[in-house]
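Okay, so here's the structure we're looking at.
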There are 2 protein chains.
Amino acid sequence: MVKVRRDTGKAVERLRAVGLRPTRQRVELASLLFRNGDRHVTAESLHDEASGLGLKISLATVYNTLHQFTHAGLLRQVVVDASRGYFDTNTGDHQHFFLEDEGTLIDIPGEEITVAGVPQPPAGLSVDRVDVVVRVRRG
Amino acid sequence: MVKVRRDTGKAVERLRAVGLRPTRQRVELASLLFRNGDRHVTAESLHDEASGLGLKISLATVYNTLHQFTHAGLLRQVVVDASRGYFDTNTGDHQHFFLEDEGTLIDIPGEEITVAGVPQPPAGLSVDRVDVVVRVRRG
DNA sequence: CAATAGTTTAGAACTATTCTAAAGTAAGAG
DNA sequence: CTCTTACTTTAGAATAGTTCTAAACTATTG
């Protein structure tokens, strides 16, 4: 008989693939983050979600884990709001709408949007990434 | 005989023009901000600069003033770093290089850079602004 | 299954920012 | 000028998000 539980096999694989020990906490967070399509979370929102599901994970671990996932290339950080840090499960080429009223992010596929005319960076520096944030509001 | 002091006349005018009472603190900060060309400051950096010149202005006032100037349209906020808020004296159409290693901003004129293909925003929302941040690093 | 290297955690600490309420000041009226 | 009043400034407390610390815990290896 098999225990009734969320399918965590994929999460374990994914963690092993990037060299992260698949601890209970990491597996649970990875399951939440990567189960469905692309997601945008803050440490707090993910912690609340996990807690709401009865998972016991400290906020510190959520922070640690989000950063580890980011370094491992499973997540990407998005800077749109001076007061919170967002993490995006979509690590591919894309940009964002930021709904300023509610603090929500919506992906814009990389193929749709184009940035032209970026000048040469100052000597000795190279472009790491070009981020586009389309800030939208009610009205 | 005229007192030897920084020329604050312009600053006073500028403040009056946007309906802000030209108090000593606001005049001094405006003088620092708008004397030379475009500048990018954080509350802390501006406070340090003022203090270094012997000006007595509390950090709280620097924060208040930066926000008032922003609401009045004299400054613009730039979000590039999750941990600090930057204010830009260039309120016109332009974008930024962000030197991640040192936390410095460099303007990219609005004429040089173009963003094409921004999709229609979700129903009921309208585009407030399109921000482009070109993140660069050593190497 | 023991050893150990890596992980989690509670709580303290930190950083940037905002708030509070008391003291100070610019501007207009008289 | 000087009074009055509304607006400002300020020190310090408070807050929010995040990071740090060191002790307890656990996955993995031998």
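The values are calculated or read from the model by the stated rules, or taken from the named source; none is laboratory data. Predicted model only: the values in this text are computed from it and were never measured. Here Cβ is always computed from backbone atoms with ideal geometry, including for glycine, and neighbour counts include all displayed protein chains. Just the protein is used for accessible areas: all its heavy atoms, side chains included, with ligands, DNA and RNA removed. Shrake-Rupley method; radii C 1.70, N 1.55, O 1.52, S 1.80 Å.
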Counting only residues that are more than 23 Å from A:GLU102 (Cα to Cα) and open to solvent by less than 30 Å² (accessible area, probe 1.4 Å), how many does the stretch A:31-54 have? 1
Among (1) in contact (Cβ under 8 Å) with a residue 24 or more places away in the chain; (2) open to solvent by 40 Å² or more (accessible area, probe 1.4 Å); (3) touching a helix residue (DSSP H, G or I) at 6+ places or on another chain (Cβ under 9 Å), B:ARG138 falls short only on (3)
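Per-residue answers, yes or no, for (1) buried (at least 17 other Cβ atoms within 10 Å of the Cβ); (2) assigned to a strand (DSSP E or B):
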{"residue": "B:PHE97", "(1), (2)": "yes, yes"}
{"residue": "B:GLU111", "(1), (2)": "no, no"}
{"residue": "B:GLN120", "(1), (2)": "no, no"}
{"residue": "B:VAL127", "(1), (2)": "no, yes"}
When restricted to A:GLY19, A:GLY92, A:GLY73, A:GLY54, the only residue under 15 Å from the mean Cα position of the chain (by Cα) and farther than 22 Å from B:VAL132 by Cβ is A:GLY73
Assess whether A:THR91 counts as being of a type outside the set (D, E, K, R), open to solvent by 50 Å² or more (accessible area, probe 1.4 Å) and not in a strand (DSSP E or B). yes
Leading residue by the ranking (farthest from DNA strand D (Cβ to nearest atom)) among those in the stretch B:65-81 that are over 25 Å from A:GLY124 (Cβ atoms) and facing another protein chain (nearest Cβ under 10 Å): B:GLN77
So B:GLU100 ticks every box in (1) within 14 Å of chain A (Cβ to nearest Cβ); (2) at pLDDT 95 or above but one. Which box is left unticked? (2)
Taking the stretch B:18-64 and the residues there that are closer than 23 Å to B:ALA82 by Cα and of a type in the set (Ser, Thr, Tyr), the one that is nearest to DNA strand D (Cβ to nearest atom) would be B:THR61
